[in-house]
Amino acid sequence: MMLIEETAIADAALPVDQFKAHLRLGTGFAEASLQDEVLKGFLRAAIAAIEARTGKVLIGREFSWSLNNWRDPAGEVLPVAPVTAIDAVMVTDTAGAEAVIDQDAYRLERDSLRPRIRPVSGALPAIATGGSVKIAFTAGMAVDWDGLPADLGQAVLLLAAHYNEYRDETALGDGCMPFGVTSLIQRYRMVRFGAGVAK
């Protein structure tokens, strides 16, 4: 299985001015935009970390997901949420020939935690041994920064500020995330039962 982010978050969608205010940086200076690229990097890193922890895509963008077989031909759980549209499904045979599946053959089952692609009837298209399927889809909680829930927006700013503050720190443990951030994102994390299996 391989998940690819086909489109990146546009620079214009990043809350650089809001982040500057959060950091209490001075304004009105000739060099006011000098740190913009660095700040964008911290914002992108914070968004990526929060998306990884929650399994949620914050700002809408396009993805493709390739796999060699269905785990459940009656409905495959997509790797991130929330999915807003399935754009295309392409099946590749062992010879490398690609066939686009008719959009009337499948549907998106929306879910904030575990969205699925389901067949309209029967089962999802067969995948030949040695073949693969690629699902192109759009996912995101909001189309832009202003549409994000306030708690997630605050978590991104807090984590980006943490990265800025400790940019040279090498002694922090792997996966270190400030308590304020973890408490803000807690309700968005997927609940797992048993031996690490999500239900």
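Brief remarks on what is shown
- Candidate set from region 124-137 (those that are open to solvent by 30 Å² or more (accessible area, probe 1.4 Å) and at pLDDT 95 or above); member that is farthest from Arg44 (Cα to Cα): Ser132
- The condition of being farther than 30 Å from Val16 by Cβ and either surrounded by 14 or more Cβ atoms within 10 Å (Cβ to Cβ) or at pLDDT below 95 (or both) holds for Met90.
- Restricting region 42-53 to residues that are open to solvent by 10 Å² or more (accessible area, probe 1.4 Å) and touching a residue at least 12 places away in the same chain (Cβ under 8 Å) leaves a set whose member that is farthest from Val80 (Cα to Cα) is Phe42.
- Among the residues listed as Val80, Val120, the single one being over 20 Å from Leu3 (Cα atoms) and of a type in the set (A, V, I, L, M, F, W, C): Val120
- Qualifying positions in region 93-119 - open to solvent by 80 Å² or more (accessible area, probe 1.4 Å) and either closer than 16 Å to Val133 by Cα or among the β-branched types (Val, Ile, Thr) (or both): Thr94, Ala95, Glu98, Val100, Asp102, Gln103, Arg107
- Among the residues making up region 89-107, those that are among the charged types (D, E, K, R), outside any strand (DSSP E or B) and more than 16 Å from Ser66 (Cα to Cα) are Asp102, Asp104.
- Only listed residue being at pLDDT 95 or above, at positive phi and either of a type in the set (D, E, K, R) or open to solvent by less than 50 Å² (accessible area, probe 1.4 Å) (or both), chosen from Gly140, Gly153: Gly140
The values are calculated or read from the model by the stated rules, or taken from the named source; none is laboratory data. Predicted, not measured: the structure shown is a model, and the values here were computed from it. Neighbour counts are summed over all protein chains in view; Cβ atoms, including those assigned to glycine, are modelled from backbone coordinates with ideal geometry. When the accessible area is computed, the model is the full protein with side chains, heavy atoms only, and any ligands, DNA or RNA have been set aside. Shrake-Rupley method; radii C 1.70, N 1.55, O 1.52, S 1.80 Å.
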